[in-house]
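Chemist: One structure coming up, written as C-alpha cells, with questions to follow.
Readers should treat all values here as calculations from the given coordinates under stated rules, not as data from a laboratory. Note that the coordinates shown come from a computational prediction; the quantities given were computed from them, not determined experimentally. Here Cβ is always computed from backbone atoms with ideal geometry, including for glycine, and neighbour counts include all displayed protein chains.
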C-alpha cells in the first residue's frame, strides 16, 4: 500500500495562543509567550522562566467522571483535539461509527505522580489518593483519556520519545495510514507546565537565567544564548488517507510526504551531527525531494549552546548552497518538549496557509555554525509549498517531517 496521507484538522493550546487564530497572530507579530514564574523560585529553581500557559476551564464542558481522570497535559490535549476535530469536520456521530485511532506524544506526568506519592506519605492511606489518580499518573494519560472521551476505536497508544515524541506520533501515524493499516488517526503531543516536571532539567543548568528580560531569553542559534526555556501545552493534527478524506468531504489542509528518523547511538544527552544528518536525509529521500525543494525549515533549535550548534552543522551539511529559510519558533514559545514536534508542524502549517515565515526572534549575532544559515529574523512574506520540521531528543532520538501544500 502507498496511500497519500493528508492533514484535515489542526488544534493548538500553547503559550502563544489558545487556538489557531491567536497563534497565527502571535507568529506574525513575533510575540513571545515566555514569563517569570515566582513559584519556581520559591521551590529553589535556578531559573524561574517558563512558557505561560493558561489552564483550561473544563467544568461544564466535561462531566466530573471525565474530568477527574485528566492530567494537566491531557486537559491541554483535550482542548487542542476538540479544535482539530471541529476543523476537520469530524462529528462525534461519525466518529462513533468509524475506526478512528490516536497516537499521541507524551513523556511525563510528573505532577500527578508526585502529588499522589506526597499524599500517601503524608496520610499513610492510599484510599485518599482518589479514583482518578491512576489515569492522571500513567504516561499514556492522554491517549487513554481521549480515546474514552471521543469514543475512538482505532489504534491507541502513546509515543514516549523525549523531545521528539510529538513528531514521531505524526510520523508513525503517517506510516500506519500510508501502509493501509488505518484511515484516520488523531496525532499530537502534550507537555505539562509545572515545577514538578522540570526540576532535574533546572538542576543540570539547562535553562536560561536571563530573568530580567523573559521575552528575550529564548535565543535559538544566537551566539549569546545561555539555555532553553521550558514550556508546554498541546497540539493535535488529524491525519487521514487522501481517499477517505475526499470520501467524507473533509477539508484537506496539507499532505505529509516524508518522515525520517534515526538514533545517535552515542551520548545520552549530547546532540550528534551525524544522527541528525541521517534523519534529514531519510525524510528527503522518503519525500523523493532534493534539498533545494524545501522552502522553509522549522529548526528544533532550543537555545542551548551544544544542541543549536549541532543542528546548524547538520542543516548546513544537507542544505549547503540552497539558502533555505530557517527559523526556530522556540524563540517565541520556549521548548515545548514532548509537545514541540507536533506544535511546530501546526505553526509551520499556519505559515504555509498564510504565506509567511515566522521570525527567529532574539537572533542578533550568529556563531561560527549558525552564521552559515539563512536565519529569518523578521516576519517575511513567503509562499511555502514544502517545509521540513526537525525534532531531536535526549537518548539520541531524531525525527524529521516533510509537509507539502495541497494545490
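Chemist: Residue separation times 0.36 nm, minus the C-alpha to C-alpha distance between residue 153 and residue 126: what's the value?
Modeler: Stretched fully, the residue 153-residue 126 segment lengthens by 6.4 nm.
Chemist: Assign one of three labels to segment 258-405, namely rounded, prolate or oblate, based on the Cα gyration tensor with a ≥ b ≥ c the square roots of its eigenvalues; rounded applies when a/c is under 1.5, prolate when it is not and a/b is larger than b/c, and oblate otherwise.
Modeler: Note, shape of segment 258-405 comes out rounded.
Chemist: Another one. Using Cα-Cα distances under 8 Å and only pairs 6 or more residues apart, what relative contact order does segment 1-46 have, in percent?
Modeler: For segment 1-46, the relative contact order is 22 percent.
Chemist: On a C-alpha basis, how far is the centre of segment 132-166 from the centre of segment 320-358 in Å? Whole number, if you could?
Modeler: Segment 132-166 and segment 320-358 have Cα centres spaced 25 Å from each other.
Chemist: Here is a follow-up. Kirkwood hydrodynamic radius of segment 5-247 from all distinct Cα pairs, in Å?
Modeler: About 19.0 Å for segment 5-247.
Chemist: Considering only DSSP beta bridges whose two residues both sit in segment 258-405, what percent are antiparallel, to the nearest 5?
Modeler: 65 percent
Chemist: Can I ask one more? Antiparallel DSSP bridges in the chain: what percent, to the nearest 5?
Modeler: In the chain, DSSP labels about 65 percent of beta bridges as antiparallel.
Chemist: Explain nothing, just the number: relative contact order of the chain, from Cα pairs under 8 Å at least 6 residues apart, as a whole percent.
Modeler: Across the chain, relative contact order equals 24 percent.
Chemist: How would you rank 300-310, 269-279, highest first, on the average number of other Cβ atoms within 10 Å across their residues?
Modeler: 300-310, 269-279
Chemist: When N is the residue count of segment 1-73, what does its C-alpha Rg come to as a fraction of 2.2 N^0.38 Å?
Modeler: Working it through for segment 1-73, the quotient is 1.55.
Chemist: Express in whole angstrom the spacing between the alpha-carbon centres of segment 215-241 and segment 41-66.
Modeler: So the separation of the two Cα centres works out to 18 Å.
Chemist: Express as a percent, rounded to the nearest 5, the fraction of DSSP beta bridges in segment 5-247 (both residues included) that run antiparallel.
Modeler: 60 percent
Chemist: While we're on this one: Taking neighbour Cβ counts within 10 Å as the exposure measure, how do 280, 70, 58, 82 sort from fewest upward?
Modeler: Arranged by neighbour count, lowest to highest, 280, 70, 58, 82 become 58, 82, 70, 280.
Chemist: Separate question: Classify segment 98-240 as rounded, prolate or oblate from the Cα gyration tensor: take a ≥ b ≥ c as the square roots of its eigenvalues, call it rounded if a/c is under 1.5, otherwise prolate when a/b beats b/c and oblate if not.
Modeler: oblate
Chemist: Under the Kirkwood approximation for Rh and a Cα-based Rg, what ratio Rg/Rh is obtained for segment 202-317?
Modeler: With Rh from the inverse mean 1/r over Cα pairs, Rg/Rh is 1.06.
Chemist: Moving on. What order, most packed first, do the peptides 48-54, 336-342, 386-392, 31-37 have when packing is the mean number of other Cβ atoms within 10 Å of each residue?
Modeler: 336-342, 386-392, 48-54, 31-37
Chemist: Sticking with this one: When ranked by the protection proxy of mean other Cβ atoms within 10 Å per residue, highest first, what sequence do the peptides 221-227, 13-19 form?
Modeler: Packing order, densest peptide first, comes out as 13-19, 221-227.
Chemist: Can I ask one more? Over segment 5-247, what relative contact order in percent results from Cα pairs under 8 Å that are six or more residues apart?
Modeler: Computed over segment 5-247, the figure is 32 percent.
Chemist: Do the sum for the chain: with -39,500 (n - 2.57) for every DSSP H run of n ≥ 4, divided by all residues, what is the mean residue ellipticity at 222 nm, to the nearest 500 deg cm²/dmol?
Modeler: -10500 deg cm²/dmol
Chemist: Take the alpha carbon gyration tensor of segment 142-207, find the square roots of its eigenvalues, order them as a ≥ b ≥ c, and report rounded if a/c is under 1.5; if not, report prolate when a/b exceeds b/c, else oblate.
Modeler: oblate
Chemist: Once the Cα atoms of the chain are picked out, what are the Rg and Dmax in Å?
Modeler: Gyration radius and largest Cα-Cα distance of the chain: 20.0, 65 Å.
Chemist: Continuing with the same structure: Kindly state, to the nearest 0.05, the FRET efficiency for residue 268 paired with residue 213, given R0 = 22 Å and r defined as their beta-carbon distance.
Modeler: 0.10
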